[in-house]
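The values are calculated or read from the model by the stated rules, or taken from the named source; none is laboratory data. Just so we're clear, the structure is a prediction, and the values are computed from it rather than from any experiment. With ideal geometry, Cβ positions are generated from the backbone for all residues, glycine too; neighbour counts draw on all protein chains shown.
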Amino acid sequence: MNSDMTNKQPEHETDGSEKRLLPHISPPGMRPIVQRQFGDNAEKYVSSEEHSHGEDLQLAVKWLLPTSEDSALDVATGGGHMAKAIARHVKSLIVSDGTPDMLEAARHHLQDAGVQNAHYLVANAEALPLLDESFDIVTCRIAAHHFLRPDRFVAEVARVLRPNGRFLLVDNVVPDDEILADFMNLVETVRDPSHVQCLSIERWKSLFAANDLKLTADRLAKKIHPFSSWLERMAPSNAHRFATTAMLLEAPEEVKTHFEIIVQNGGIQTFATDQWVALSVKE
């Protein structure tokens, strides 16, 4: 990894051959609840069908047009699926996450997939330990709703991007309707205490504009969630699972319609949220 982008993370031996990132590094500003939730469920995010597949992964490569000269950064990588999608197209890739155990799981996933041009960095998305104008591409997939200060995150993306650099964001977004928006964020918070807020598209657009990121392409689509795996992935207790299920089962009809809640034999089978894919370019 080039020293002009970041300092190398320290490593230590765990056996005769295997190295892992230091497990107790905690980036400044990281919330313990986030590290606990994702650390405890790291392997679930690597193996999750919802995260490992999706048209957004193919769309990212199509829109970003990555080349063998590009330096890329994947922020809050989770299971590393976006990083995996773009790695073979770029010269170098920094894979970052604020949770060491999550990053370690992603590292194993990518190395098992044959990715050899990636370096791994424990980092807070809202305070990236990287130099200005270091990257041609920055990506962040299905993670920003966990960020306490999305405004700082977008400012950091703009800071580390080179002029004409590309930023690809994928995240769940809320409808403009306030009741529907509040319902979605409440359900997510009850299921997953590390959830902060899904933003509206208009809010994201305003953050892009404030940081000289010009939106050049976007797509809004429904994402279907198999309910049982979605619930089990992050709900920390039976109480959280019961409360989340009850909220969806007892939701008003207009809420059930918008979120396409499918109930069979008294149980929730699937539901849908709005997923936004957005490409912007640094002006």
* **Cβ-Cβ under 7 Å pairs, at least 6 apart or on other chains, segment 161-179 side without any contact (Cβ under 8 Å) to a residue 60 or more places away in the chain, far side part of a strand (DSSP E or B) and surrounded by fewer than 23 Cβ atoms within 10 Å (Cβ to Cβ)** => ASP176/SER200
* Asked: Restricting to segment 253-268, what's the tally of residues that are closer than 22 Å to VAL173 by Cα, of a type outside the set (Ser, Thr, Tyr) and surrounded by fewer than 13 Cβ atoms within 10 Å (Cβ to Cβ)?
  -> 2
* Structure fact -> Within segment 71-111, the residues that are of a type in the set (Ser, Thr, Tyr) and either surrounded by 24 or more Cβ atoms within 10 Å (Cβ to Cβ) or modelled with pLDDT under 95 (or both) are THR77, SER96, THR99
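Mind checking whether some residue in segment 148-157 is within 22 Å of SER280 (Cα to Cα) and in contact with a strand residue (DSSP E or B) (Cβ under 6 Å, 6 or more places away or on another chain)?
yes
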* To do: Considering each residue of segment 200-224, count those that are surrounded by 14 or more Cβ atoms within 10 Å (Cβ to Cβ) and among the acidic types (Asp, Glu), and give that number.
  => 1
* Is it true that ASP70 is closer than 19 Å to GLN116 by Cβ, touching a His at 6+ places or on another chain (Cβ under 9 Å) and of a type in the set (D, E, K, R)? -> yes
* Asked: Has segment 253-264 got at least one residue that is of a type in the set (Ser, Thr, Tyr), over 30 Å from GLU133 (Cβ atoms), at pLDDT 95 or above and not in a strand (DSSP E or B)?
  -> yes
